[in-house]
1. Write down the Kirkwood hydrodynamic radius of segment 5-66, to one decimal in angstroms, obtained as one divided by the mean of 1/r over all alpha carbon pairs.
2. Note the full-extension length gain between SER166 and ALA39 as 0.36 nm times their separation in residues minus their Cα-Cα distance, in nm to one decimal.
3. Divide the volume of the convex hull of the Cα atoms of segment 55-99 by its number of residues and quote the answer in cubic angstrom per residue.
4. Per-residue ellipticity at 222 nm for the chain, helices alone: DSSP H runs ≥ 4 residues times -39500 (n - 2.57), over residue total, nearest 500 deg cm²/dmol?
5. Only four residue types carry charge here, +1 at the Cβ of Lys and Arg and -1 at the Cβ of Asp and Glu. Report the dipole size of the chain about the Cα centre in Debye, rounded to the nearest 20.
6. Lys and Arg at +1, Asp and Glu at -1: add these up for the other residues within a Cβ distance under 11 Å of GLY129 and post the number.
7. So if each residue of separation counts as 0.36 nm, and I subtract the Cα-Cα distance between LEU73 and ALA53, what length gain in nm does that give?
8. What size of dipole, in debye to the nearest 20, comes out for segment 89-170 about its Cα centre when the only charges are +1 on Lys and Arg C-beta atoms and -1 on Asp and Glu C-beta atoms?
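The values are calculated or read from the model by the stated rules, or taken from the named source; none is laboratory data. Everything numeric in this text was worked out from a predicted model, so none of it was measured. We place every Cβ from the backbone using ideal geometry, glycine too, and count neighbours over all the protein chains shown. Quick note on the areas: whole protein, heavy atoms, side chains included, nothing else; ligands and nucleic acids left out. Shrake-Rupley method; radii C 1.70, N 1.55, O 1.52, S 1.80 Å.
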Amino acid sequence: MEAVEQRMLLSATPIVSGQTLAGTIVSAGQKDSYTFTAAAGNTFEVSLGDASAASQVKPDLLVYGPDGTQVGLAFSGGTNTSVRVIYPVPSTGAGTYTVIAQDTNGNATGAYDLELAVAPATQAPDSDGDGGPIVSGQTKAGMINRTGDLDIYTFTAAAGNTFEVSLGDA
């Protein structure tokens, strides 16, 4: 990683699975950093999107592994969009991951939301109250509240079980 990114590790904000953090790019070239842990065999998804139509941020998301190697990159050239990185953690990849959130061109400002999901794990409802555990026969209403919003539901199934999950407009 570049020296500037090494310094960012010291001031990174922690994020946990199921959490949405709001951030703001207030000056050109600003890079915000976040950290989380993942175990070998986990898969994680990090989503970065504009918080509102007023934001001029073109989302640019970088993810670095515990050894400093870049493991994910996603960016958009447009506003009012979102990007995501999905990464299966290899057997040698357990540890602390670093996320960098910035504007693609480095010159726009505005608000954004960063969301993290790590699996396998029971997911709690997100900051909007959507998602979380669901049981057989249960119907849950949810809403995609912004670009990049992740609503994650979890359920338990035994080997040999058959299940059906459906999603529709409310």
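1. Working: mean 1/r = 0.0743 Å⁻¹.
One decimal place: 13.5 Å for the Kirkwood radius.
2. Numbers: separation 127, 0.36 × 127 = 45.72 nm, distance 2.97 nm.
In short, 42.7 nm is gained.
3. Details: hull volume 2.9 nm³, N = 45.
Dividing the Cα hull volume of segment 55-99 by its residue count gives 64 Å³.
4. Numbers: 1 runs with 8 residues, N = 170.
The helix-only estimate for the chain comes to -1500 deg cm²/dmol at 222 nm.
5. Working: 6 positive and 17 negative charges, 42 e Å.
Charge dipole of the chain: 200 debye, to the nearest 20.
6. Values: positive: LYS140; negative: ASP126, ASP128, ASP130, ASP151.
With Lys, Arg at +1 and Asp, Glu at -1, the neighbours total -3.
7. Numbers: separation 20, 0.36 × 20 = 7.20 nm, distance 2.34 nm.
Stretched out fully, the LEU73 to ALA53 stretch lengthens by 4.9 nm.
8. Working: 2 positive and 10 negative charges, 51 e Å.
Dipole size: approximately 240 debye.
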